[in-house]
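The values are calculated or read from the model by the stated rules, or taken from the named source; none is laboratory data. In this text, all values refer to a predicted model and were calculated from it rather than measured experimentally. As a convention, Cβ positions derive from the backbone with ideal geometry for all residues, glycine included, and neighbour counts pool all protein chains shown.
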Amino acid sequence: MKELSGSPAEYEGRLVIVTGELISVDAGFRRLDIFDQNGKVLMVVNIEQLTMSQRESLLADPVRRVTVNGRVELKNGQLTIKAQKLVALVNHLSE
């Protein structure tokens, strides 16, 4: 994700796959923020076009990491990924 944030115009319109820590989901389930620990990058992901059940799955399980497939967009100079697919990586704690 560090490459994306360093030169976002280069990636505009391209399909990307990114994985990161889920930081926040907005109240309307339209956007989320993910953080890449290795690159120290915070990224905005637009999830409006996903079904409500796909979006609600973020709250159903203890999701800490997600993988997003989507297209890179620049809005007001801010890099956003418009998600086409979202995979929640669920952490199961051993008892």
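Hey, among the residues in segment 49-66 that are loosely packed, with under 15 Cβ neighbours inside 10 Å and under 11 Å from LYS85 (Cα atoms), which one's modelled with the highest pLDDT?
Out of the qualifying residues, it is GLN49.
Pairs, please: C-beta under 8 Å, at least 6 apart or cross-chain, first residue under 16 Å from VAL16 (Cβ atoms) and in contact (Cβ under 8 Å) with a residue 12 or more places away in the chain and in segment 45-69, second part of a helix (DSSP H, G or I) and aliphatic (A, V, I, L, M)?
VAL66/LEU58
Please go through segment 71-81 and pick out each residue that is closer than 19 Å to LEU22 by Cα, out of contact with any Leu (no Cβ under 7 Å at 6 or more places or on another chain) and surrounded by 14 or more Cβ atoms within 10 Å (Cβ to Cβ).
Once the filter is applied, which keeps residues that are closer than 19 Å to LEU22 by Cα, out of contact with any Leu (no Cβ under 7 Å at 6 or more places or on another chain) and surrounded by 14 or more Cβ atoms within 10 Å (Cβ to Cβ), segment 71-81 yields THR80, ILE81.
If a residue has to be within 10 Å of the chain's Cα centre (by Cα) and part of a helix (DSSP H, G or I) to count, how many in segment 35-79 make the cut?
Count: 0.
Scan segment 22-34 and give yes if some residue there is in a strand (DSSP E or B), charged (D, E, K, R) and modelled with pLDDT of 85 or more, otherwise no.
yes
Scan segment 25-76 for residues that are more than 27 Å from GLU10 (Cβ to Cβ) and of a type in the set (Gly, Ala, Ser) and jot them down. Spell out the reasoning first.
So in segment 25-76, the residues more than 27 Å from GLU10 (Cβ to Cβ) come out as 25-29, 51-64.
Hits for segment 25-76 are ALA27, GLY28, SER53, SER57, ALA60.
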